[in-house]
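Participant: Have a look at this one before I ask anything.
The values are calculated or read from the model by the stated rules, or taken from the named source; none is laboratory data. Everything quoted here is computed from the prediction, not taken from an experiment. Cβ placement follows ideal geometry from the backbone for every residue including glycine, while neighbour counts extend to all protein chains displayed. The protein model used for the area step is the full one, side chains on, heavy atoms only, and it has no ligands, DNA or RNA in it. Shrake-Rupley method; radii C 1.70, N 1.55, O 1.52, S 1.80 Å.
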Amino acid sequence: MANSQPDNDRKSLEQRERMTDLERLRHSAAHVMAAAIAKLWPDAQFAAGPPVDTGFYYDVDLQHRITPEDFPAIEEEMKKIIKANLPFERLVVNRAQAIEDARRGRLGALSDRPVPSKFKLDILEGIPDSEPISYYKSGDFIDLCAGPHVMRTGNIGAFKLTSVASAYYKGDANNPQLQRIYGTAFKTRKELDDWLKMQEEARKRDHRKIGAEMGLYIIDPEFVGPGMPLWLPKGAVLVEELEKLAKETEFAAGYKRVRTPHIAKEKMYKTSGHLPYYAESMFPAMELIEGEMAGEQDPSANQGAQSAAQSERYYLKAMNCPHHHRIYAAEPRSYRDLPLRLAEYGCCYRYEQSGELFGLMRVRSLNMNDAHIYCTPEQFADEFNAVNEMYLKYFKIFGIERYVMRFSTHDPARLGEKYVNEPELWKQTEEMVRKVLKASGINYVEVPNEAAFYGPKIDVQIWSVIGREFTLATNQVDFAVPKRFGLTYRDRDNTEKTPLCIHRAPLGTHERMIGFLIEHYAGNFPLWLAPDQVRVLPVTEAQIPYAKSIVDELRAQMVRADLEFSNDKLPGRIQRAEQDRVHHILVVGQREQQSETVSVRIHGKGQQGVKPRAEVVADILAAIRERRG
């Protein structure tokens, strides 16, 4: 099942006006694809067809099951429409006319039909009375659409249909299941070819494929459940190394580590505001009996005594912030105690829809590099800038050269509905974030109407070495929830004030970060991160004691080193080490043993020559300590 999230929030006219040229082109390609499908299968019922990051899609209800084998026929019809260079004509109509046209089956179609355009009728109901209703017409195809589009079909350029999936209408499992046809489009053939090459490379680097080859993790849907990874020993190495990096970095930055339970009472999440608004993304509540009689099994106990037990609802935690707020509240705070930085690799559970689960990228159990910084308004700029600097440090370590911070702000018209009704605090905190981003020179874009419900946020987008985009993590400024929990500090003027809270997770979750790193490095991790750091290969049995002494020396320094000797010839053992992605392969024969040297081979770089043993060991230790790329 495809992720249907883009359907849930209809784009505003303002958002549509900000569409890039490429998004307009792809939106137009979606209409051309729909027209082609309507030509081949006139009974097709179309829902939504937006541009997305990788191209476009259109959801369609159709008796014929579209498969990739149908793509050439659809593409051929699309080429005819593009070659005809038809104009995209915008037609503004009143609501009554639109409803009438939809009832005649004319919308999302080439002509009137005997059945209504059922999804267009539903979409019409969601268009505000204040918003004009418009169609876009290209040739005989007319669709309900607010636009925008390119001028003519001939402006679309190069395109290709890529895949088909299932998706619930509006992302709701109670709605009909539709076919989602994906495609992509670019201005030039070269751009399309480059993108297709990147997709082919991405398939080779797919973290699910490499994760299985390297034995990093498994997902056991039968016994454990879908979306809940089990980390195998080599995968656990990656987890431990990331935690070690985070703990060292956060310790140096003055963070204090905490631990919290995996569950909490319903009251916690009602206070934070996550319930009821976030309920669909949380696992169902557990009903527990609390009280002095809860554990007793005495059948003679009277009913009055049993009534002392009370039912309590508990939830698996979907986020760490409420727990950290209670830790802050555990003792009185003064301005002298701030900033207070509480950090935890907290395990959270989110009930992602089964169709949205995807390897390590979308899971139901996740371990988050979480922290919450409680500070005064005067401290905010320095603290927020320090968080950004932490991101940049991690980017350098992992060789991430391309990134952007998406600064999401609120829509004043939706205060009290989608956003906490604190207009002045929204203005104040958004301006504070804006000033920090500008002053730091960080690459960012501002996106209206996408903030969190309690404050502005920054989504961190990064690109892998092959140019594939990932969402790494989110920073959020929270001025509302600390107040809900009654969090205060005593200021210099002896008055009680509510602290600001910065939610941050620079390394995201283990699951998503490791999924990204597998694809970024294609499984060829740098030495400090590699599950298999060193393998020593004695040429003959006579060199085993010398090889073992090297392994023992390295393991004494916590280096992941092992020795392999078998009846296989040396070239076969070297090949096996390369297939296992062992970073350093050290070969020792009689000459190396006599001269206290080793023959060094580095995975992916080949033979490095014979070097003194002490020099090789020192270099390995330094590369790990410095986390060289």
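Participant: Show the residue pairs that are 6+ apart or on different chains and have beta-carbon atoms under 9 Å apart, the first residue being within the range 70-85 and over 21 Å from V150 (Cβ atoms) and in contact (Cβ under 8 Å) with a residue 24 or more places away in the chain, the second being crowded, with 16+ Cβ neighbours inside 10 Å and polar (S, T, N, Q).
Facilitator: Matching pairs, first to second residue: F71/T162.
Participant: May I pose another question? Determine which single condition V582 fails, assuming it passes every other condition in (1) open to solvent by less than 70 Å² (accessible area, probe 1.4 Å); (2) without any contact (Cβ under 8 Å) to a residue 40 or more places away in the chain.
Facilitator: (2)
Participant: Has the range 95-105 got at least one residue that is touching a residue at least 24 places away in the same chain (Cβ under 8 Å) and under 21 Å from V52 (Cα atoms)?
Facilitator: Within the range 95-105, not a single residue is touching a residue at least 24 places away in the same chain (Cβ under 8 Å) and under 21 Å from V52 (Cα atoms).
Participant: Identify all residues within the range 192-207 that are basic (K, R) and more than 16 Å from R581 (Cα to Cα); write none if there are none.
Facilitator: Residues satisfying the conditions are K197, R203.
Participant: Quick one: would you say E541 is of a type in the set (D, E, K, R) and in contact with a helix residue (DSSP H, G or I) (Cβ under 7 Å, 6 or more places away or on another chain)?
Facilitator: The answer is no for E541.
Participant: Kindly indicate the residue of the range 411-433 that is open to solvent by 70 Å² or more (accessible area, probe 1.4 Å) and charged (D, E, K, R) and also farthest from R504 (Cα to Cα) among those meeting that condition.
Facilitator: Looking at residues that are open to solvent by 70 Å² or more (accessible area, probe 1.4 Å) and charged (D, E, K, R), I get E417.
Participant: Out of the range 352-382, which residues are aromatic (F, W, Y) and over 15 Å from the mean Cα position of the chain (by Cα)?
Facilitator: Across the range 352-382, the qualifying residues are Y374, F380.
Participant: Output the residues belonging to the range 434-453 that are buried (at least 16 other Cβ atoms within 10 Å of the Cβ), under 24 Å from E17 (Cβ atoms) and β-branched (V, I, T).
Facilitator: V447
Participant: Can you tell me which residue among S408, S440 is of a type in the set (S, T, Y) and closer than 29 Å to G227 by Cα?
Facilitator: S408
Participant: Scan the range 577-600 for residues that are part of a strand (DSSP E or B) and under 36 Å from the mean Cα position of the chain (by Cα) and report the count.
Facilitator: Total meeting the criteria: 2.
Participant: Hey, S599 hits all of (1) at pLDDT below 95; (2) in contact with a helix residue (DSSP H, G or I) (Cβ under 7 Å, 6 or more places away or on another chain) but one; which does it fall short on?
Facilitator: That leaves (1) as the condition not met.
Participant: Tally the residues that are open to solvent by 20 Å² or more (accessible area, probe 1.4 Å), outside any strand (DSSP E or B) and touching a strand residue (DSSP E or B) at 6+ places or on another chain (Cβ under 7 Å), restricting the search to the range 124-145.
Facilitator: Selection size over the range 124-145: 1.
Participant: Before we move on, is A212 open to solvent by 50 Å² or more (accessible area, probe 1.4 Å) and farther than 30 Å from P51 by Cα?
Facilitator: yes
Participant: Pick out the one residue from F119, F159 that is out of contact with any Lys or Arg (no Cβ under 8 Å at 6 or more places or on another chain), part of a strand (DSSP E or B) and crowded, with 19+ Cβ neighbours inside 10 Å.
Facilitator: Answer to the check: F159.
Participant: Given the conditions (1) part of a helix (DSSP H, G or I); (2) in contact (Cβ under 8 Å) with a residue 12 or more places away in the chain, which single one is not true for I442?
Facilitator: (1) is the only condition that I442 fails.
Participant: Could you look through the range 164-176, keep only residues that are assigned to a strand (DSSP E or B) and modelled with pLDDT under 95, and pick out the one that is farthest from P68 (Cα to Cα)?
Facilitator: Only one residue fits best here, namely Y168.
Participant: In the range 585-609, what count of residues is obtained for those that are touching a residue at least 40 places away in the same chain (Cβ under 8 Å) and either of a type in the set (A, V, I, L, M) or open to solvent by 70 Å² or more (accessible area, probe 1.4 Å) (or both)?
Facilitator: Final tally of qualifying residues: 7.
Participant: While we're looking at this one, here's another question. List, please: which pairs have Cβ atoms under 8 Å, are six or more places apart or on different chains, and start with a residue in the range 203-230 that is more than 15 Å from S354 (Cβ to Cβ) and end with one that is among the hydroxyl-bearing types (S, T, Y)?
Facilitator: Sorted first by the residue in the range 203-230, then by its partner, the pairs are R205/S464; G211/Y217; P229/Y217; P229/S365; L230/Y217.
Participant: Within the range 232-266, restricting attention to residues that are β-branched (V, I, T) and open to solvent by less than 30 Å² (accessible area, probe 1.4 Å), which residue is nearest to the chain's Cα centre (by Cα)?
Facilitator: Only one residue fits best here, namely V239.
Participant: Given the condition open to solvent by 10 Å² or more (accessible area, probe 1.4 Å), part of a helix (DSSP H, G or I) and either of a type outside the set (D, E) or more than 18 Å from K137 (Cβ to Cβ) (or both), answer yes or no: does some residue in the range 43-65 qualify?
Facilitator: Checked the range 43-65: no residue is open to solvent by 10 Å² or more (accessible area, probe 1.4 Å), part of a helix (DSSP H, G or I) and either of a type outside the set (D, E) or more than 18 Å from K137 (Cβ to Cβ) (or both).
Participant: Within the range 306-338, track down each residue that is assigned to a loop (DSSP other than H, G, I, E, B) and buried (at least 18 other Cβ atoms within 10 Å of the Cβ).
Facilitator: Once the filter is applied, which keeps residues that are assigned to a loop (DSSP other than H, G, I, E, B) and buried (at least 18 other Cβ atoms within 10 Å of the Cβ), the range 306-338 yields K317, A318, M319, N320, R333, L338.
Participant: Might you let me know whether the range 610-625 holds any residue that is surrounded by fewer than 14 Cβ atoms within 10 Å (Cβ to Cβ), among the small types (G, A, S), over 19 Å from P538 (Cβ atoms) and touching a residue at least 24 places away in the same chain (Cβ under 8 Å)?
Facilitator: Within the range 610-625, not a single residue is surrounded by fewer than 14 Cβ atoms within 10 Å (Cβ to Cβ), among the small types (G, A, S), over 19 Å from P538 (Cβ atoms) and touching a residue at least 24 places away in the same chain (Cβ under 8 Å).
Participant: Right, something else. How many residues are open to solvent by 10 Å² or more (accessible area, probe 1.4 Å), of a type in the set (A, V, I, L, M) and outside any loop (DSSP other than H, G, I, E, B) if we restrict to the range 477-529?
Facilitator: Summing the residues that are open to solvent by 10 Å² or more (accessible area, probe 1.4 Å), of a type in the set (A, V, I, L, M) and outside any loop (DSSP other than H, G, I, E, B) in the range 477-529 gives 1.
Participant: Mind checking which residues of the range 201-249 are in a strand (DSSP E or B) and either in contact with a Gly (Cβ under 9 Å, 6 or more places away or on another chain) or among the charged types (D, E, K, R) (or both)?
Facilitator: Once the filter is applied, which keeps residues that are in a strand (DSSP E or B) and either in contact with a Gly (Cβ under 9 Å, 6 or more places away or on another chain) or among the charged types (D, E, K, R) (or both), the range 201-249 yields Y217, I218, I219, P229.
Participant: Now a separate question. In a strand (DSSP E or B), open to solvent by less than 60 Å² (accessible area, probe 1.4 Å), modelled with pLDDT of 95 or more and touching a Leu at 6+ places or on another chain (Cβ under 6 Å): is that true of D101 in this structure?
Facilitator: no
Participant: I would also like to ask the following. Would it be correct to say that I624 is of a type outside the set (D, E) and assigned to a helix (DSSP H, G or I)?
Facilitator: Criteria met by I624.
Participant: On to the next question. Please identify the pairs in which a residue from the range 16-32 that is closer than 12 Å to T184 by Cβ has its Cβ atom under 8 Å from the Cβ atom of a residue that is charged (D, E, K, R) and surrounded by fewer than 17 Cβ atoms within 10 Å (Cβ to Cβ), counting only partners at least 6 apart or on another chain.
Facilitator: Partner pairs satisfying both residue conditions: L22/K187; L25/K187.
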